[in-house]
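In what follows, a structure is listed as structure tokens, so that the remarks can point back to it.
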Amino acid sequence: MDSMDKRIVFRYLMAGGAALAVVHALGRFSFTPLLPYFIDDHMLTITQGADLATINYAGYLIGALIAVRYSGPNVIKKFLLIGLLGNALVTVIQCFVPQFAWLLVLRLFNGVSNGIVFVLAPALLLEWLITKNKAHLSGLVYFGVGGGLLAGGVLVDSTASYFTAEYRWIPVAIVSSALAIFSAFRFYQLKIQPIDYKASNGAKATLFDHRSIPLFLSYIGAGLGYILPMTFLPTLAHETMPADSLLVKNVWAITSLSSLLFIPLWNGIGHRFGDRISLIYTYILQALGVGSILLFPSTWGILICAVFIGGSFLGSVMCTQRLARYFQPHQGPRLSAALIAIYAGSQLIGPWLAKVWIEYGGTLLQSFALGLGAFIWGLFWTWRTPKA
């Protein structure tokens with residue numbers, strides 16, 4: 001690949017990463033470090049935060065299902081651009097809306113647009129990279145999620161003393177809007193041949209077979225397991241540690257930085273030893289992360305959980321996507337959309353169960369046991385996934 005091709009590949013990897021940063025890291029997960037501040041500002045309660053997270057994940061599921069329907073070669077780019085720019089617009093509107101009822105609507109639309117883009121952007125980029133014989137680089141697009149998580153945490157915490165209530169969204173909205181415009185411009189320029197969804201014998205490929213079913217089942221554990229720490233870990237740190245603790249102020253930055261640093265590791269292990277092996281290791285580390293906070297609900301437990309969950313959840317996503325496409329190479333974006341729908345459906349349950357547990361007298365920390373069980377489930381079914 002000559003220097004011109006390298007620049008083109010890098011350009012579109014940057015566009016894909018920026019798109020995921022806008023919809024998933026900034027639009028969605030900036031709510032996680034913001035939630036403790038919203039509670040301190042008396043704008044939200046912990047149960048209202050759980051409701052907002054739940055409806056956002058419901059929207060994510062709806063968006064993924066929409067992407068299944070509109071992932072065809074003639075419409076994929078149009079719906080990708082609508083979802084991307086719409087997500088940034090919702091983030092901007094949130095800067096001026098403190099009412100809980102309207103926030104429910106906005107977080108729903110944020111989730112829908114997030115689901116659409118999170119499916120279509122990596123899927124479209126993967127199909128394009130395959131035409132360039134560079135499919136192994138597809139995992140690098142998730143640098144956008146890791147970088148966006150880190151940027152969102154830094155933006156929230158560094159500007160906390162300058163804003164209150166709904167205005168805390170303003171720094172996130174500014175960065176999100178700029179990245180959305182850059183990414184939309186690049187994806188508008190992307191050219192790719194129509195995607196064929198039929199198998200080589202001309203028959204319509206099926207999503208579920210003896211190879212893919214264990215992988216789909218394991219992905220349920222991935223979604224349910226990671227969502228509680230990724231929604232409530234900063235809030236848990238605020239509840240269990242002194243307010244002036246350095247970790248309380250930086251737990252989301254540690255989680256985000258870990259996700260950024262571990263991406264090359266999972267991409268490299270998957271490329272060299274196979275995505276199945278890499279996927280098994282991601283489940284083990286995430287189970288250890290949640291287990292550590294249950295055993296040591298203090299500084300060390302929270303730190304280990306932040307590093308292991310932050311560093312591994314994107315590995316589960318990228319390795320599952322690539323392994324599924326290896327089993328069913330003719331599915332393309334349709335397969336990616338189905339996986340994200342399963343992922344979204346499972347993570348939808350987590351915040352709701354945490355809310356129910358708290359309302360019945362349990363603690364937020366105790367609800368993390370659900371995540372440990374989910375990762376054990378995911379590890380079991382990954383182990384039963386056929387070797388590629």
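A short reminder: the numbers here are calculations on the coordinates, not readings from a lab. Please read these numbers as outputs of a predicted model, since none were measured by experiment. Neighbour counts are summed over all protein chains in view; Cβ atoms, including those assigned to glycine, are modelled from backbone coordinates with ideal geometry.
Just a few scattered comments:
- One chain, two ends: Ala165 and Lys6. Fully extended at 0.36 nm per residue, the span grows by 52.8 nm beyond their Cα-Cα distance.
- Annotation: the residues Arg7, Arg28, sorted from fewest to most other C-beta atoms within 10 Å of their own C-beta, follow the order Arg7, Arg28.
- Relative to its residue count, the range 67-146 spans a Cα convex hull of 95 Å³ per residue.
- With the simple model of a label 7 Å out from the Cα in the direction of the Cβ, Gln189 to Trp352 spans 4.4 nm.
- Expressed per residue, the C-alpha convex hull volume of the range 197-325 stands at 110 Å³.
- Length released on extending from Ala178 to Val97, taking residue separation times 0.36 nm less the Cα-Cα span: 27.1 nm
- Cα principal axis extents for the range 117-161, largest first, Å: 49, 18, 9
- Separation of alpha-carbon centers, the range 241-294 and the range 76-94, rounded to whole Å: 29
- Across the chain, the convex hull enclosing all Cα atoms gives 126 Å³ per residue.
- Spatially near lysine pairs across the chain, Cα under 15 Å, sequence gap of 8 or more or different chains: 5
- Estimated FRET transfer efficiency when R0 is 41 angstrom, pair His42-Phe296 (beta carbons, to 0.05): 0.85
- Neighbour-count order for Lys78, Lys387, fewest beta carbons within 10 angstrom listed first: Lys387, Lys78
- Computed label-point distance, nm, for sites Phe273 and Tyr326 using a 7 Å Cα→Cβ extension: 1.3
- Burial ordering of Trp252, Trp102, fewest other beta-carbon atoms within 10 Å first: Trp102, Trp252
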